[in-house]
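Bear in mind these aren't lab numbers, they're just calculated from the coordinates by the rules spelled out. Treat the numbers as computed from the prediction; the structure is a model and nothing was measured.
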Amino acid sequence: ALKDQRRVVTYKRGAPARKEHRELPLLFDQLESGSTPDGFQLYLQPMLSTRAPADACCFEALLRVRDSENNPLPAGRVIAAAEDIGTITSIDRWVLETVLDWLDEHGNRLSSLRMISINISGLSLSSDAFIEHMFRLLERYRHLTHHLIIEMTEGVALQNLERSQSVIRRLQEQGVRIGLDDFGAG
């Protein structure tokens, strides 16, 4: 209602949007309380070179969310809702921590791993608290940072150029590469 500048939004009984709006706050509350929401899962999507697919061992971390009945919720809407209500930094924190924890535990089985790409929301990259937490994590997992690509949208990168340059420089000093997500879309 707030987003559409209306006082009330009405949903028909059984409408998927009604269920989403009921489920998402429960998931976000779990996340904010420090526990991993039951419906959150991370997948590593392979990224292969068409020139040498056997040589590439690259992945993009993707968040998938399921409701209480194990039905998938659209990731785009989950992210948009999290950005609207301000819990996106908690999601980004969880994704980054989960990828680094998993990589620390299982990375030795991926001897040809080159990189894992992680999208970070512009709101998170604008948060001093998130930035400092991210750099504490990267320091703890310094032995893994050369595998990471942090993706940001070009709009975020250009929004506050001086701040973006500072964050990018710090990430590169840690061995992290930078990617522009949706380049040219904005």
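Quick look at the numbers
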{"item": "Rg(Cα)/(2.2 N^0.38 Å) for segment 40-95, N = residue count", "result": "1.43"}
{"item": "Extension gain (nm, one decimal) between Thr50 and Ser166, 0.36 nm per residue minus Cα-Cα", "result": "38.3 nm"}
{"item": "Stretch gain in nm, segment Ala80-Ser126, where the contour uses 0.36 nm per residue and the Cα spacing is subtracted", "result": "14.9 nm"}
{"item": "Rg over Rh, two decimals, segment 39-186 (C-alpha only, Kirkwood Rh)", "result": "0.96"}
